[in-house]
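The values are calculated or read from the model by the stated rules, or taken from the named source; none is laboratory data. Values in this document were obtained by computation on a predicted structure and should not be read as measured data. Using ideal geometry, Cβ is built from the backbone for each residue, glycine included, and neighbour counts are taken over all protein chains shown. All accessible areas refer to the heavy atoms of the entire protein, side chains included, with ligands and DNA or RNA removed. Shrake-Rupley method; radii C 1.70, N 1.55, O 1.52, S 1.80 Å.
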Amino acid sequence: MSWKKTADAVVVGGGMMGMATAYYLKKIGLKDVALVEKNTPASGSTGRCAASFRAQWGGALNITLGKACIDRFEHLAEHLGVDMDIQLYQNGYLLVAYTERQFEQFKKNVELQNSMGVTSKLLNHSEALEICPGIEVSDAVGFSYYKRDGHADPMITNFAYCEAARGIGVRIEKFTGVVGFKVDCDSVRGVVTDRGPIDTDTVVNAAGPWAGRVGALAGLNIPVKGERHELMVTEPVDWGVCPTMLMSFEPDYYMFQRPHGSILAGCGPSRYRREAGPFDDYQMGASWNFMEHMAGHVNKLIPRARGVRIVRQWSGMYDITPDLQPVIGESDELKGFWVNVSGARGFMFGPVAGEMVAEKIVNGHTSLPIDEFHWRRYAEGRFLVEPSVA
Amino acid sequence: MANGETENDLRGLNEDDSIVCRCEEVAMSEVRKWIAGGYDTPDELKRLLRVGMGPCQGRGCREIILREISSMTGVPVSEIPPGRIRPPAKPVKISLVARDYTGGDGR
Ligand SMILES: Cc1cc2nc3c(=O)[nH]c(=O)nc-3n(C[C@H](O)[C@H](O)[C@H](O)COP(=O)(O)OP(=O)(O)OC[C@H]3O[C@@H](n4cnc5c(N)ncnc54)[C@H](O)[C@@H]3O)c2cc1C
């Protein structure tokens, strides 16, 4: 394949964040956009994630963006003009509180969400059981629920952006890893890949969990690292075993049934850590500790799933930032070097974050506020606070 | 059904219609369409079409898909990144894995 040595912008990373950024850059107005991916599209975190999305956040900015993402997911194929079914399924997140303190937080969240047009509500036990019959949550204090939250297929959604981007002329180079950058004083001049260089004055680092490493290639300190999270999936079974996203922040678990019939279940590493070693080693292994721990949760929470068989387990990296919030913007040190990292919610934020970063690059301003996400906040001692994360 | 019709049906049976992945019911034509579109690794095809994601975890289709990619792209099978085989080796019941689970602090 021929190699073009220049571009108006180069996006690094073919996950949801990068693919969406590349698509909107081209759509909004740049002529020549290239995306480089060291492996294949959707091979990073995006292809390994749970692909759930929600507006049930605790911070106003996250609620605004979460809502915008849901609006977009509801019409994504149309919006992108591709003939692909992202297998959207919306039957809400049922968030479970096990302590009064958590439930107090849910009350505040729901109040704020309602004031912003997100019609979430607090539920008691019998209402929760109506939404997700047969679950064992007698030890819970209360619940919150928003019916437009949901999930989709992460790979197909990522590939839908890939097809749409390719369709409007974005060059997508797979098996192309960035190994360095060309820098001239305080401006970026190009990327160096293992297949050759591309000169450009605009780079978007959308390498997700690897964004810190990619930043380091330009001599920058981008505060992102990877943390391994695991997931397991069962054989497909009859519909209705867990028809909503059942999720708790403390203890940290989530489980849901895909329209296709499989049950997915996952949790963060802190509870099954034991001897399993560091979780930021970028190794996508799968551990028995996780499987045993997670099966325990499902066994307890969904008694009727006990006889269902687990067919596969895998892991991916969360793109972790110091306050678990997005890191987005142009570097203060290197002009033309942009970062678009989600803070471990890149599936749901990708479509909107990608568009906002593209708007900022092409137009200089955005239709939704993202400036707060610039990582200079850390140097200024400001951390964003989001109560609704595990 | 008359004899002639049966023969016609058999002759009309194209390899394109045959099911590559029986767990997820994916036809060869579908696989070929995406390989032609540039999705020419087992990992990409798996993520697009779910081939190999069902209960047999690719035991039935992995070889067929590798051969098809090779014949369409001209890349020898040995040079195609084969994709990962993930645990467990055999489907296992949730209750069985959870058997020794004590609850701990993880509820
Ligand atoms: C188990 C699990 C469950 C999750 N569940 C959810 C969920 O329900 N909802 C949600 O919104 N998020 C979820 N997440 C988080 C989500 O997956 C990530 O935030 C998101 O995928 C990040 O997207 P990305 O495009 O930034 O990164 P990625 O998808 O990781 O893409 C980055 C890409 O950059 C490439 N790359 C790296 N280095 C280089 C280089 N030097 N040169 C070229 N390319 C390079 C990588 O190969 C990779 O493909 C989950 C994550 C995990 C692990």
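Here is how the numbers come out for the structure above:
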item: Residue list for the range B:81-99, filter: under 17 Å from B:CYS56 (Cβ atoms), surrounded by 17 or more Cβ atoms within 10 Å (Cβ to Cβ) and touching an Asp or Glu at 6+ places or on another chain (Cβ under 7 Å); result: B:GLY83
item: Where A:ARG213 falls short, out of the listed (1) buried (at least 21 other Cβ atoms within 10 Å of the Cβ); (2) within 11 Å of the ligand (Cβ to nearest atom); (3) part of a helix (DSSP H, G or I); result: (1)
item: Counted residues, the range A:114-160 - those being polar (S, T, N, Q) and open to solvent by 60 Å² or more (accessible area, probe 1.4 Å); result: 6
item: The range A:340-377: number of residues that are in a strand (DSSP E or B) and more than 10 Å from the ligand (Cβ to nearest atom); result: 0
item: Flag for A:ALA207 being open to solvent by less than 30 Å² (accessible area, probe 1.4 Å) and assigned by TED's automatic domain parsing to the domain that holds A:GLY15; result: yes
item: Subset of the range A:221-252 that is more than 14 Å from every other protein chain (Cβ to nearest Cβ) and surrounded by fewer than 21 Cβ atoms within 10 Å (Cβ to Cβ) - its residue that is nearest to the ligand (Cβ to nearest atom); result: A:GLU227
item: Residues of the range A:175-194 that turn out to be away from the ligand (no atom under 12 Å from the Cβ) and of a type in the set (Gly, Ala, Ser), as a count; result: 2
item: The range A:324-339: number of residues that are within 15 Å of the ligand (Cβ to nearest atom), open to solvent by 20 Å² or more (accessible area, probe 1.4 Å) and more than 14 Å from the chain's Cα centre (by Cα); result: 1
item: Answer residue from the range A:35-66, given it is within 14 Å of chain B (Cβ to nearest Cβ) and among the β-branched types (Val, Ile, Thr) and is farthest from the ligand (Cβ to nearest atom) among those; result: A:THR40
item: Condition check for A:GLU37: charged (D, E, K, R) and either at pLDDT below 95 or over 15 Å from A:ALA164 (Cα atoms) (or both); result: yes
item: Test: A:ASN91 is more than 14 Å from every other protein chain (Cβ to nearest Cβ), surrounded by fewer than 21 Cβ atoms within 10 Å (Cβ to Cβ) and touching a strand residue (DSSP E or B) at 6+ places or on another chain (Cβ under 7 Å); result: yes
item: Members of the range A:367-387 that are open to solvent by 30 Å² or more (accessible area, probe 1.4 Å) and basic (Lys, Arg); result: A:ARG376, A:ARG382
item: Every residue from the range A:158-174 that is within 11 Å of A:PRO41 (Cβ to Cβ) and either within 15 Å of the ligand (Cβ to nearest atom) or not assigned by TED's automatic domain parsing to the domain that holds A:THR200 (or both); result: A:ASN158, A:PHE159, A:ALA160, A:TYR161, A:CYS162, A:ALA165, A:ILE172, A:GLU173, A:LYS174
item: A:LYS174 being surrounded by fewer than 23 Cβ atoms within 10 Å (Cβ to Cβ), farther than 25 Å from A:ASN299 by Cβ and at the interface with chain B (Cβ under 10 Å from one of its Cβ atoms); result: yes
item: Any hit, the range A:15-34, residues being over 19 Å from A:GLY150 (Cβ atoms), within 14 Å of the ligand (Cβ to nearest atom), open to solvent by 10 Å² or more (accessible area, probe 1.4 Å) and more than 14 Å from chain B (Cβ to nearest Cβ); result: yes
item: Matching entry among A:MET317, A:MET284 (being at the interface with chain B (Cβ under 9 Å from one of its Cβ atoms) and in contact (Cβ under 8 Å) with a residue 60 or more places away in the chain); result: A:MET284
item: Pair list, Cβ < 6 Å and 6+ apart or interchain, from the range A:59-70 residues that are on the phi > 0 side of the Ramachandran plot to residues that are surrounded by fewer than 22 Cβ atoms within 10 Å (Cβ to Cβ) and assigned to a helix (DSSP H, G or I); result: none
item: Matching option when the condition is in contact with a strand residue (DSSP E or B) (Cβ under 6 Å, 6 or more places away or on another chain) and either over 30 Å from A:GLU359 (Cα atoms) or part of a helix (DSSP H, G or I) (or both), among A:ILE310, A:ILE328; result: A:ILE310
item: Options A:GLY296, A:GLY350, A:GLY364: the member that is without any contact (Cβ under 8 Å) to a residue 24 or more places away in the chain, surrounded by 23 or more Cβ atoms within 10 Å (Cβ to Cβ) and either at the interface with chain B (Cβ under 10 Å from one of its Cβ atoms) or over 30 Å from A:PRO133 (Cβ atoms) (or both); result: A:GLY296
item: Subset of the range B:50-71 (residues that are in contact (Cβ under 8 Å) with a residue 12 or more places away in the chain and either in a loop (DSSP other than H, G, I, E, B) or open to solvent by 80 Å² or more (accessible area, probe 1.4 Å) (or both)); result: B:ARG50, B:VAL51, B:GLY52, B:MET53, B:GLY54, B:PRO55, B:CYS56, B:GLN57, B:GLY58, B:GLY60, B:CYS61
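Here is a yes/no grid of residues against (1) farther than 25 Å from A:SER248 by Cβ; (2) charged (D, E, K, R); (3) at pLDDT 95 or above; (4) open to solvent by less than 30 Å² (accessible area, probe 1.4 Å):
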site: A:ALA50; (1), (2), (3), (4): no, no, yes, yes
site: A:ILE63; (1), (2), (3), (4): no, no, yes, yes
site: A:PHE73; (1), (2), (3), (4): no, no, yes, yes
site: A:HIS79; (1), (2), (3), (4): yes, no, yes, no
site: A:VAL82; (1), (2), (3), (4): yes, no, yes, yes
